[in-house]
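The next block holds one structure in the form of structure tokens; read it before the comments.
The values are calculated or read from the model by the stated rules, or taken from the named source; none is laboratory data. Computed from a predicted structure; not experimentally measured. So basically every Cβ, Gly included, is an ideal-geometry build from the backbone, and we count neighbours across all protein chains shown. Surface accessibility is based on the protein's heavy atoms, side chains included, excluding ligands, DNA and RNA. Shrake-Rupley method; radii C 1.70, N 1.55, O 1.52, S 1.80 Å.
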Amino acid sequence: MSNTILLDKRPEGTPKLSDFKFTEENVAEIKDGEMLLATKYVSVDPYLRGRMSDAKSYVPPFELHKPISSGVIAEVLESKNEKFSKGDFVSGRLDWKKNQVNDGKELIKVDSEKAPLSAYLGILGMTGLTAYLGLTQIGKPKEGETLVVSGAAGAVGSVVGQIGKIMGLRVVGIAGTDEKVEMLKSEFDFDAGINYNTTENMKDAIKEACPNGVDIYFDNVGGEISDAILFNINRFARMIICGAISVYNETSVPKGVSVQPFLIKNSALMQGFIVSNYEDKFQEAMQHLGTWLSEDKLNYSETIVEGFDNIPQAFLDLFSGKNKGKMVVKV
Ligand SMILES: NC(=O)c1ccc[n+]([C@@H]2O[C@H](COP(=O)([O-])OP(=O)(O)OC[C@H]3O[C@@H](n4cnc5c(N)ncnc54)[C@H](OP(=O)(O)O)[C@@H]3O)[C@@H](O)[C@H]2O)c1
């Protein structure tokens with residue numbers, strides 16, 4: 001029975017199950033200041049793909065033959081750390097292990113009474129922060145403007161659209177199935193949706209869905225979908241480049257539309273976004289998200305996969321859109 005998941009090979013193109021290895025590792029005795037943790041929920045995220053390659057990025061690559069890590073909610077089983085007690089739940093970046101010893105320095109306590117534990121990996125975690133801070137800090141929304149969100153039925157996208165509606169925007173979502181597009185409108189209050197897999201001309205479809213043009217584009221996917229947005233942007237449009245999942249598995253530099261003429265003609269802004277650059281605003285963001293959740297102004301969806309051994313497959317499934325909302329593994 002395995003209890004640890006390692007990165008065995010750096011994926012070439014689309015990651016495969018054989019890039020991961022299941023092993024059995026001994027769990028050390030805890031020393032003073034440490035605690036023994038049991039993993040409860042594991043977040044799988046598209047950005048982990050970047051860490052599996054050894055290209056330079058904003059976070060260091062995973063080491064080969066070492067455990068992979070991501071956002072995890074764990075229960076404290078034993079503690080010799082005065083800040084944490086047996087029975088507490090903690091959140092932070094932890095290894096893909098069933099049990100592990102940790103000194104708690106980078107972990108925060110989460111309250112299972114206030115929200116379901118998995119929510120701290122999504123709407124009350126990195127997902128919610130990314131949606132709120134990307135939209136407000138770069139998008140700078142003004143009531144009545146039009147917002148387009150790609151990857152709209154995913155974790156970040158579904159929250160971005162709802163915050164857009166709270167802020168008085170017209171919101172259009174782009175997703176990969178009719179069922180997801182329907183969900184955007186019925187569960188997340190989007191005004192319109194486009195299924196990019198069945199749309200022949202995205203440029204025209206965006207124009208039709210956005211009769212007043214696009215003021216803000218929250219980009220989760222990059223590639224051709226985002227190229228089509230450029231033809232529809234308004235003067236002083238803001239484009240938040242949050243993710244580019246459609247090109248994460250490319251093995252050569254993808255070719256696309258030259259953005260410069262579009263930006264010049266429209267005095268538009270295109271800016272890369274990394275949530276960790278905005279740590280000083282996390283508290284403000286969490287306050288808004290918590291309030292909107294308690295007032296039922298925000299809704300969230302999760303795809304919960306069961307079983308430690310299914311973590312790698314759940315990660316792979318992000319690239320074929322098997323998730324609606326946040327993809328989480330329950331251990
Ligand atoms: N910059 C930051 O700080 C930050 C933080 C968090 C996340 N992100 C980025 O934000 C994006 C969304 O992350 P998330 O955690 O919310 O993931 P997610 O959207 O919940 O899951 C990924 C989704 O991407 C879509 N997708 C997969 N392949 C695609 C393709 N070739 N073309 C178009 N869409 C494709 C799928 O939905 P469909 O069925 O609709 O295709 C899938 O459900 C990712 O690119 C991620 O890297 C960035």
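List the number of the failed condition for residue 315; all other conditions in (1) within 13 Å of the ligand (Cβ to nearest atom); (2) open to solvent by 70 Å² or more (accessible area, probe 1.4 Å); (3) in a helix (DSSP H, G or I) hold. Residue 315 satisfies all of (1) within 13 Å of the ligand (Cβ to nearest atom); (2) open to solvent by 70 Å² or more (accessible area, probe 1.4 Å); (3) in a helix (DSSP H, G or I) except (2). Candidates 237, 152, 228: the one that is among the small types (Gly, Ala, Ser), open to solvent by less than 40 Å² (accessible area, probe 1.4 Å), within 13 Å of the ligand (Cβ to nearest atom) and not in a helix (DSSP H, G or I) is 152.
Examine the range 315-325 for a residue that is of a type in the set (Lys, Arg) and under 29 Å from residue 5 (Cβ atoms), and state whether such a residue exists. Yes: one or more hits.
Residue-wise test of (1) outside any loop (DSSP other than H, G, I, E, B); (2) within 19 Å of the chain's Cα centre (by Cα).
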| site | (1), (2) |
| --- | --- |
| 250 | no, no |
| 262 | yes, no |
| 271 | yes, yes |
| 280 | yes, no |
| 288 | yes, yes |
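Looking at the range 53-84 only, could you name the residues that are of a type in the set (S, T, N, Q) and in a loop (DSSP other than H, G, I, E, B)? Answer for the range 53-84, where residues must be of a type in the set (S, T, N, Q) and in a loop (DSSP other than H, G, I, E, B): 53, 57, 81. Got at least one residue in the range 242-252 being touching a residue at least 24 places away in the same chain (Cβ under 8 Å), out of contact with any Pro (no Cβ under 9 Å at 6 or more places or on another chain), on the phi > 0 side of the Ramachandran plot and of a type in the set (A, V, I, L, M, F, W, C)? Within the range 242-252 (the criterion being touching a residue at least 24 places away in the same chain (Cβ under 8 Å), out of contact with any Pro (no Cβ under 9 Å at 6 or more places or on another chain), on the phi > 0 side of the Ramachandran plot and of a type in the set (A, V, I, L, M, F, W, C)), the answer is no, since none of the residues qualifies. What is the number of the single condition among (1) part of a helix (DSSP H, G or I); (2) open to solvent by 70 Å² or more (accessible area, probe 1.4 Å) that residue 322 does not meet? Exception for residue 322: condition (1). Among the residues examined, residue 182 qualifies as more than 20 Å from the chain's Cα centre (by Cα), assigned to a helix (DSSP H, G or I) and among the acidic types (Asp, Glu).
For the range 289-299, state whether one or more residues are within 13 Å of the ligand (Cβ to nearest atom), touching a residue at least 60 places away in the same chain (Cβ under 8 Å) and surrounded by 15 or more Cβ atoms within 10 Å (Cβ to Cβ). No, the range 289-299 contains no residue that is within 13 Å of the ligand (Cβ to nearest atom), touching a residue at least 60 places away in the same chain (Cβ under 8 Å) and surrounded by 15 or more Cβ atoms within 10 Å (Cβ to Cβ). Across the range 263-286, the number of residues qualifying as among the small types (Gly, Ala, Ser) and either farther than 16 Å from residue 238 by Cβ or in contact with a Leu (Cβ under 8 Å, 6 or more places away or on another chain) (or both) comes to 2. When residue 158 is tested against (1) among the hydroxyl-bearing types (Ser, Thr, Tyr); (2) crowded, with 16+ Cβ neighbours inside 10 Å; (3) not in a helix (DSSP H, G or I), only condition (3) is not met.
Scanning the range 191-224 for residues that are open to solvent by less than 20 Å² (accessible area, probe 1.4 Å) and within 13 Å of the ligand (Cβ to nearest atom) turns up 194, 195, 218, 219, 221, 222.
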